[in-house]
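Below is one structure, written out as structure tokens; the observations come after it.
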Amino acid sequence: ICPFDSINERSEIDEVKAAIADPNKIVIFQTAPAVRVGLGEEFGLDAGTFVEGKMVAALRKLGGDYILDTNFGADMTIMEEASELLERVINSDAVLPQFTSCCPAWVKFAETFYPEFLPNLSTAKSPIAMQAPTQKTYFAEKMGLDAKQIVAVAVTPCTAKKFEIRRDEMNSSAEYWDTPEMRDTDYCITTRELAKWLRAEEINFDDLEDSAFDPLMGEASGGGIIFGNTGGVMEAAMRAAYKMATGEDAPQTLIPFEAIRGMDGAREADVVIGDKTLHVAAVHGTGNLRKFIERMRAENIHYDFIEVMACRGGCIGGGGQPRVKLPMADKAREARIASLYTRDAEVTVKAACDNPDIQKLYAEFFDGKPMSHKAHHMLHTTFVNRSEDLGPNGACTPATCPTSV
Ligand code: SF4
């Protein structure tokens, strides 16, 4: 129980509805990987049912002008994060392990409890935080839209994203357009809030005809798809790093699935890329993380890359997803995880760097390559040491809560 009543949902649906009703606004929704395997449960479908088409149709019915896919943003995150990892591994002075930074609850946890690890955090922004400014710059320019009219709404499984979108650093589009009041993402609504909104509008989810994402930023690789699962970000990063370093597709056996997929609190593997062997790990849940870090320090274990997700199972188990009561909760999480892996198995493009829309974006907008000056400026971020926010004896306070806004 949070002593400060910070952990609750602060819905922004009324603000989004007002933007839809305003003829001078252009509402762009982006939908995170995990939403499409959770939303159906709110309408009586089995856990993990893949409802991407109905989800897109529902957002069109609610009045969204463009529906884009955060999975595309996940591919952008991997382009930057895998490039950063390869640079760190090659550079003998670089700080390792590289921790992922796409989970805002983990980032705030590190800023508060483990500030000594801030140099280890990848500076690559999260998928939502890369997708949003790119929508208000590249997408707006390609589509002939006035960026100042765009209202960017992220649909997420995550309550901590409501904090992340308000971080001072999330304003790259404001700098691009020299419009200080512009935010990269204007609003964030969760899977449960979207379901509530659909019920309030009396939209029959079952009757919706599947719809597809809008082009340019709506197609993703398998790596982007599995971002919602614990271990998915690490697997996606390894696929892309392998292709970037060797020029060849990552083999199926690159990472032994049995070693890194599943629900164990921490899993690890060795991944051979060219002449390097990377020791990698995926951890979910902050309790598991504390134990993992203690062991890493006590046994002086070297890791090159560590994925951390605050929620059990990764984003498919996020705080904004449909609630499932014990003892069925892990069964539901496993079904959602399996659904994203099934979708990954169905697509032909497995690595972010092979996504033709990603290649086009980098060629036309980000100066041809990841980590370019422009990409660094818009797609990377900084972190804040928040350890002084802790109360007496290290107690949590409203300022340290990972989900409070
Ligand atoms: Fe949000 Fe949980 Fe995913 Fe972290 S793991 S990004 S807190 S849903």
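Side notes on the structure shown:
- Accessible surface, segment 55-116, averaged per residue in Å² (probe 1.4 Å): 26
- GNM result for the chain, Cα springs below 10 Å: residue of 172, 339, 387 fluctuating most strongly: 387
- Translational diffusion of segment 101-194, µm² s⁻¹ [Kirkwood Rh, Cα pairs; Stokes-Einstein; 25 °C; 0.890 mPa s]: 174
- Restricting the calculation to Cα atoms, segment 203-342 yields a radius of gyration followed by a Dmax of 17.2, 56 Å.
- Cα-derived Rg over Rh, computed across the chain with Rh taken as Kirkwood radius: 0.94
- Gyration tensor (alpha-carbon) shape descriptor, segment 214-276, a/c threshold 1.5: oblate
- Residues whose amide H lies under 5 Å from that of residue 99, counting only those 5 or more places away or on a different chain, are 121, 122, 306; hydrogens are built 1.01 Å from N in the peptide plane.
- Carbon/sulfur fraction of accessible area - the chain, other protein chains in place, 1.4 Å, %: 50
- Modelled FRET efficiency - R0 51 Å, residue 397 with residue 142, Cβ distances, 0.05 increments: 0.70
- With the helix formula -39500 (n - 2.57) applied to DSSP H stretches of n ≥ 4, the chain reaches a computed 222 nm mean residue ellipticity of -11000 deg cm²/dmol.
- Residue list for segment 121-164, given a label point 7 angstrom along the Cα-to-Cβ vector of residue 347 and an amide N cut-off under 15 Å: 127-128, 131
- Here r is the Cβ-Cβ distance between residue 60 and residue 10 and R0 is 22 Å; the resulting FRET efficiency, rounded to 0.05, is 0.30.
- Normalised by 2.2 N^0.38 Å, where N counts its residues, the alpha-carbon radius of gyration of segment 75-149 equals 1.36.
- Gyration tensor verdict on segment 171-217 (Cα atoms; rounded if a/c is under 1.5, prolate if a/b is larger than b/c, oblate otherwise): oblate
- Between residue 175 and residue 302, residue separation times 0.36 nm minus the direct Cα-Cα distance comes to 41.8 nm.
- Using a cutoff of 8 angstrom between alpha carbon atoms and counting only pairs six or more residues apart, the relative contact order for the chain works out to 26 percent.
- For the options 248, 41, 84, a Gaussian network treatment of the chain with springs between C-alpha atoms closer than 10 Å singles out 248 as fluctuating the most.
- The alpha-carbon positions of segment 32-188 define a convex hull whose volume is 141 Å³ per residue.
- Global geometry of segment 298-361, whether rounded, prolate or oblate, following the gyration tensor of its Cα atoms and the 1.5 cut on a/c: oblate
- Square roots of 5 times each gyration tensor eigenvalue, C-alpha, segment 285-405, largest first, Å: 31, 25, 17
- Springs between Cα atoms under 10 Å define the GNM used for the chain, and in it the highest mean-square fluctuation of 181, 235, 193 occurs at 181.
- Residue by residue, segment 104-118 carries 3J(HN,Hα) couplings of x, 5, 5, 4, 5, 4, 5, 4, 8, 9, 10, x, 5, 8, 4 Hz when phi is fed to the Karplus relation 6.51 cos²θ - 1.76 cosθ + 1.60 (θ = phi - 60°); x denotes Gly or Pro.
- Packing, as the average of other Cβ atoms within 10 Å across residues, places the peptides 141-150, 311-320, 259-268 in the order 311-320, 259-268, 141-150, highest first.
- Label-to-label distance for residue 91 and residue 18 is 4.5 nm, based on points extended 7 Å past Cα in the beta-carbon direction.
The values are calculated or read from the model by the stated rules, or taken from the named source; none is laboratory data. In this text, all values refer to a predicted model and were calculated from it rather than measured experimentally. Cβ sites come from the backbone with ideal geometry, for glycine too, and all protein chains shown count toward neighbours. What goes into the accessible areas is simple: the full protein's heavy atoms, side chains included, and nothing from ligands, DNA or RNA. Shrake-Rupley method; radii C 1.70, N 1.55, O 1.52, S 1.80 Å.
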